[in-house]
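The values are calculated or read from the model by the stated rules, or taken from the named source; none is laboratory data. If you're wondering where the values come from, they're calculated on a predicted model, not measured in any experiment. Backbone-built Cβ (ideal geometry, glycine too); neighbour counts: all protein chains shown. Remember, those area values only see protein heavy atoms, side chains included, never the ligands or the DNA or RNA. Shrake-Rupley method; radii C 1.70, N 1.55, O 1.52, S 1.80 Å.
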Amino acid sequence: MSTSDVRSPGTFAIGWSRIGIELKQLFRDREAAVFTLALPMILMIVFGSVFGNQQLSDGSDITFAQYFVAGMIASGIVYTSFQNLAIGIPQERDEGTLKRLEGTPMPKGAYFIGKVGQVCVVYVIQLFLLMAIGIALFGVEVPSTPAKWGALVWLSVLGLTTWTLLGLAFSSVPKSGKGASAIVTPVILVLQFSSGVFFLYSQLPSWMQQFAAL
């Protein structure tokens, strides 16, 4: 068989192999791994323990700790996708990783498949851990019907899709990898405080609710 008869792997196949590489790079970088994967769990344990079994003021039987678990799952989507990509890609650009990859035969699409795959895998791990902590420490109940599981799945897919695309787009904003976290982190904090993660959304000022909606 001649070398011309050997088919090179396609974009999807290369991208699939990139997922493993991206995961190894993430978990070998302790700071990035802690910031992306462990931060929501740390915040959930701290705030959940502080507020304990305080009931929400909306008349429901839900405690603040249980409410906060859902907020941290939503935040986990943002940490895993938007924050991870918007900070990691500029760092790779500064380190010369993108330039080296551009000099290889690897299609550019494979690079993004690797990033998207990493986001999905890390989120699934994070979701499992957050729900496990919520069940063990704060009495959170898992979805009890197929409809509720379906809602969790489609909201997760929608959130991951939206924030992954925003993370890829926003990665062009930081001019250097060192300054990326200083630009990205305030955006996340503002969104968390204004969207009802740390406070009950109905108790936020109306102007803040409108800001969060936009």
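The table below lists the values:
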item: LYS175 vs. criteria basic (Lys, Arg), more than 15 Å from the chain's Cα centre (by Cα) and in a helix (DSSP H, G or I); result: no
item: Within segment 151-161, considering residues that are within 17 Å of GLN126 (Cα to Cα) and hydrophobic (A, V, I, L, M, F, W, C), the one surrounded by the most Cβ atoms within 10 Å (Cβ to Cβ); result: LEU160
item: Search result, residues across segment 162-199 that are within 23 Å of ALA70 (Cβ to Cβ) and surrounded by fewer than 14 Cβ atoms within 10 Å (Cβ to Cβ); result: LEU189, VAL190
item: Of all residues in segment 117-145 being open to solvent by 80 Å² or more (accessible area, probe 1.4 Å) and modelled with pLDDT of 90 or more, the one that is nearest to PHE27 (Cα to Cα); result: VAL124
item: Residue within segment 81-98 that is without any contact (Cβ under 8 Å) to a residue 60 or more places away in the chain and among the acidic types (Asp, Glu) present; result: no
item: Condition met for LYS148 (closer than 20 Å to GLY15 by Cα, without any contact (Cβ under 8 Å) to a residue 12 or more places away in the chain and open to solvent by 70 Å² or more (accessible area, probe 1.4 Å)); result: no
item: Residue count, segment 78-116 (criterion: open to solvent by less than 60 Å² (accessible area, probe 1.4 Å), of a type outside the set (A, V, I, L, M, F, W, C) and within 20 Å of LEU165 (Cβ to Cβ)); result: 13
